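Single-structure report; data block below.
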There are 4 protein chains.
Amino acid sequence: MNINFLTEQLRQFARERDWERYHTPKNLAMAMSVEMAELVEHFQWLTPDESVAVQDDPAKLTAVGEEMADIVLYLVRMADVMGVDLEQAALRKIGLNAIKYPPFPQQAKA
Amino acid sequence: MNINFLTEQLRQFARERDWERYHTPKNLAMAMSVEMAELVEHFQWLTPDESVAVQDDPAKLTAVGEEMADIVLYLVRMADVMGVDLEQAALRKIGLNAIKYPPFPQQAKA
Amino acid sequence: MNINFLTEQLRQFARERDWERYHTPKNLAMAMSVEMAELVEHFQWLTPDESVAVQDDPAKLTAVGEEMADIVLYLVRMADVMGVDLEQAALRKIGLNAIKYPPFPQQAKA
Amino acid sequence: MNINFLTEQLRQFARERDWERYHTPKNLAMAMSVEMAELVEHFQWLTPDESVAVQDDPAKLTAVGEEMADIVLYLVRMADVMGVDLEQAALRKIGLNAIKYPPFPQQAKA
């Protein structure tokens, strides 16, 4: 994913609408959490199996992908505003998770 | 951001812990929303200016980056499980947003 | 607040729509979190002062009250489904909070 | 539920800790959403049936009740700060929901 391109697009988007003053980390976190809930909403009444089956329904999958995209865009914007390197943070977190949640012994041996 | 690499790492991570059965879209959306709230928590009592100043505090910025990373990882995992192309979805959403929120006339002229 | 009356109304509401099967604690928690985000949405781009001023705008205050009501209704429904006494839990939590966050010394003296 | 008593307790709690300045509607909505996620967290990896069974585990039920209580307390505090009558709003919303979601015909006939 070309984060630099997305970052530049979102910078320009905010600038052209005079939205930069709204884009404090506090506001971006709030707005991202609202988008997150729009993603959750698609699944709230579904059984686990029904939630798996969403991927077989092109219209629903597109709608879900759009909500995921909203989160991506806010993450990229917030990372830009705060000076966070999302990829480095993600790679670092995978390492931290591997320490926090060791694999099962039998799998570690395999 | 190398989504393919992150995807492969997260696949292996889930497989080695026998967590694949938990990773339904419904559960992943819920878990991602919990991580989102951990990001929000950093900003809940801050003034807008204080939220901007978080980036000048290396320890806090690392903590915030870690919460953002958790969201990235769940997005990547959920996109893998559901067959969503995150980058395509993000680019498409930028286009949709540009239609939904036209820039101010004077900026459009510029 | 007459919790018993609200509880009975919501029971009947679910029964008449054959929604009881959807009302697992997991689903109710998800749905409540979506309503919560609709409340958050009203405030996401406001300054702290603007958020205070919402109460002076009758139309906005009604809308905000409606989102708060949605959360109340899901809390009452979830408490009924799980057998939680909301008032006892709230009173108990005030006590726990008083221990967790002692008041400032000068205030304790006053 | 004695909302007036809870309201008074929470007013005093905020006053004694000099927290009133933090209790803008914006901040209270954010903080409530964080508590909401702590409730969701209990259920994120559970199957629907496992989420139903939580009520048979006294320790887990107490923990869940505590998260629900946190939400109740923030709702009561926010309603006080904004001048919202939670019970009136809840009753009004039940009426609105009955219009929005009519019961099934056969049930309406019953």
If we hang a label 7 Å off Cα along the beta carbon direction at A:ASP85, how far is it from the matching labels on the other copies, in nm, shortest first?
2.8, 5.6, 5.8
C-alpha center-to-center spacing [the stretch B:26-95, the stretch C:1-49] in angstrom:
25 Å
State the residue of chain A whose Cβ is nearest the axis carrying A onto C, and the distance in whole angstrom.
A:ALA37, 2
Rounded to 10°, Cα long-axis angle of helix D:86-100 versus longest principal axis of chain D:
30 degrees
Once every DSSP H run of n ≥ 4 in chain B is given -39500 (n - 2.57) and the sum is divided by its residues, what mean residue ellipticity at 222 nm do you get, rounded to the nearest 500 deg cm²/dmol?
-24000 deg cm²/dmol
Whole-number percent relative contact order across chain D, with pairs defined as alpha carbons under 8 Å at least 6 apart:
37 percent
Mind checking the mean number of beta-carbon atoms from other chains within 10 Å of the Cβ atoms in A:80-87?
5
What is the average number of partner chain Cβ atoms found within 10 Å of a Cβ in D:46-59?
4
Express in Å², to the nearest 10, the accessible area of B:VAL52 obtained by rolling a 1.4 Å probe over the protein heavy atoms while all chains stay in place.
60 Å²
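Go through A:LYS93/B:LYS26; A:LYS100/B:LYS93; A:LYS93/B:LYS100; C:LYS93/D:LYS100; B:LYS93/D:LYS93 and tell me which ones have a Cα-Cα distance over 28 Å in this structure.
Beyond 28 Å between Cα atoms: A:LYS100/B:LYS93; A:LYS93/B:LYS100; C:LYS93/D:LYS100; B:LYS93/D:LYS93.
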Give me the dipole magnitude in Debye, nearest 20, for chain D about the Cα centre, with unit charges on the beta carbon: positive for Lys and Arg, negative for Asp and Glu.
700 debye
In degrees rounded to 10, the 0-90 angle between helix D:58-82 Cα long axis and the longest Cα principal axis of chain D is 60 degrees
Please give the helix D:25-41 orientation as an angle from the longest Cα principal axis of chain D, in degrees from 0 to 90, rounded to the nearest 10.
50 degrees
How are the C-alpha pair distances of the protein assembly as shown spread across 20 Å bins, as whole percents from the shortest bin up?
24, 57, 19, 0
Extent of chain D along each principal axis, from alpha carbon coordinates, in Å, largest to smallest?
55, 35, 24
Give me the dipole magnitude in Debye, nearest 20, for the protein assembly as shown about the Cα centre, with unit charges on the beta carbon: positive for Lys and Arg, negative for Asp and Glu.
0 debye
What gaps in nm, shortest first, separate C:ASP57 from its twins in the other copies when you place the label 7 Å past Cα toward the beta carbon?
3.1, 3.5, 4.4
For the stretch A:1-64, size of Cβ-based charge dipole, Lys and Arg +1, Asp and Glu -1, in debye:
460 debye
In square angstrom to the nearest 100, the accessible surface buried at the A/B interface, both sides summed with a 1.4 Å probe, amounts to 5500 Å²
B:ARG11 label points, 7 Å along Cα→Cβ, one per copy: pairwise distances from this copy to the rest in nm, shortest first?
3.4, 5.1, 6.0
If I compute solvent accessible area with a 1.4 Å probe over the protein chains, what percent of it on chain D is carbon and sulfur?
52 percent
Taking only the alpha-carbon atoms of the stretch D:54-105, the convex hull volume per residue, in cubic angstrom, is 107 Å³
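The values are calculated or read from the model by the stated rules, or taken from the named source; none is laboratory data. All values derive from a computational prediction rather than experimental measurement. Methodologically, a virtual Cβ is constructed for each residue, glycine included, from the backbone with ideal geometry; neighbour enumeration extends over all protein chains shown. Accessible surface is based on the protein model in full, side chains and every heavy atom, while ligands, DNA and RNA are left aside. Shrake-Rupley method; radii C 1.70, N 1.55, O 1.52, S 1.80 Å.
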